[in-house]
1. Output the peptides 97-104, 171-178 sorted from most to least packed, where packing is the average of other Cβ atoms within 10 Å over each peptide's residues.
2. Using alpha carbons only, what's the Rg to Rh ratio of segment 159-281 with Rh from Kirkwood?
3. When the convex hull of the C-alpha atoms of segment 66-150 is computed, what volume per residue in Å³ does it have?
4. On a 29 Å Cα-Cα criterion, which of the cross-link pairs 135/293; 148/291; 198/258 come out too long?
5. For segment 210-285, what class follows from the C-alpha gyration tensor (a ≥ b ≥ c being the square roots of its eigenvalues): rounded when a/c is under 1.5, otherwise prolate if a/b is larger than b/c, else oblate?
6. Which of the aspartates and glutamates could a cross-linker span from residue 277 if the Cα-Cα distance has to be under 15 Å and same-chain partners fewer than 8 positions apart are dropped?
7. Which whole-Hz ³J(HN,Hα) couplings does segment 102-116 yield from phi under the Karplus relation 6.51 cos²θ - 1.76 cosθ + 1.60, θ = phi - 60°, glycine and proline marked x?
8. In whole percent, what relative contact order does segment 124-281 give with Cα contacts below 8 Å and a gap of six or more residues?
Amino acid sequence: MKNLMKPLYLAGLCCMMLASCKKEQTMQPDQTESTPNVLAVNSLSTSADDSNLLLGNPSDAKASSVEGNNYLMDKTYFALSYNSGKGTPNWVSWHIQSSDLGTTDRSDDFRSDADLLSGWYNVKPGSYTNTGFDKGHNCPSGDRTSSKSANSSTFLMSNMIPQAPYNNQQTWKGLEDYSRALVKDGKEVYVICGSYGKGGTGKNGGTTNTIDGGNVTVPANVWKIVVVLADGKKDLTRIDKDTRVIAINTPNQNSIDKDWKKYRTSVADIEKATGYKFFTSVSSTIAAVLKKKVDNLN
């Protein structure tokens, strides 16, 4: 009997060990269920062709709950740093090529962003009602007309800022149309835009610092950087000292001139105003030259 019991004991022990290992393996995904998306966002490539973050991550944003005012989000059709304290993005970055421009109609489905973390204030379309400010897209609807999902993505409120109507509908629209015209003419462009400061003037007049009961900050300035390349491959390697860079910095005011060219500036000046670092994926020597440029082409 003793000789029989020993093998049975060992067999039982092995079964218990296997069961334990199996339990540990099946529990592991549950323990990390909340992290894969965060890891994916934090590891977004800044060197892959056509990446929305090819030019870098200007504020070193991260997909971490402790980064509430600099929270990295990947929306597939654009990437952004979200500021939960302001209820707006700090910046939004995206790429435009000919395949992004199709015939899809404007969806106009403004909506809250369900991907914001629990406990953060979730800005709604109604947050802008009767404020004198437009729901101003950072990544424009017109840059994403290849499909319904692409266009719809731009109507998330995490992509919006309170923008003075003339700034949005005239000045900003002018540069957006110009950028798309470049793409239709055989170019591809990388765009980063954002806002800073506090206090803008909408159609109601005066200076407004916040809307929606103080939950959404009205920026004082709105800026954009456009890097222009001939359509091609290995984009990062093709950026050199002669690459065209368009940078503008506009006051968020309804009295703004409709000609965007009057607000051209250098990337270096936008860096000083925002504290961000641009072109971090480009060699420092080339980046230094590009940052000093002030575009003067028509």
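Where a number appears in this text, it was derived from the coordinates with a stated rule and is not lab data. From a predicted model like this one, the values you see are computed outputs, not experimental measurements. Heads up, the Cβs are rebuilt from the backbone with ideal geometry, glycines too, and the neighbour counts pull from every protein chain shown.
1. On the way: 97-104: 14.0, 171-178: 19.4.
Going from most to least packed, we get 171-178, 97-104.
2. 1.01
3. In segment 66-150, the Cα convex hull volume per residue is 104 Å³.
4. Numbers: 135/293 31 Å; 148/291 36 Å; 198/258 22 Å.
Result: 135/293; 148/291 exceed 29 Å.
5. prolate
6. 60, 269
7. These are the phi-based 3J(HN,Hα) values: x, 10, 5, 6, 5, 7, 6, 9, 4, 7, 5, 8, 6, 8, 5 Hz.
8. Working: 261 pairs, mean separation 35.1, N = 158.
Dividing the mean separation by the residue count of segment 124-281 yields 22 percent.
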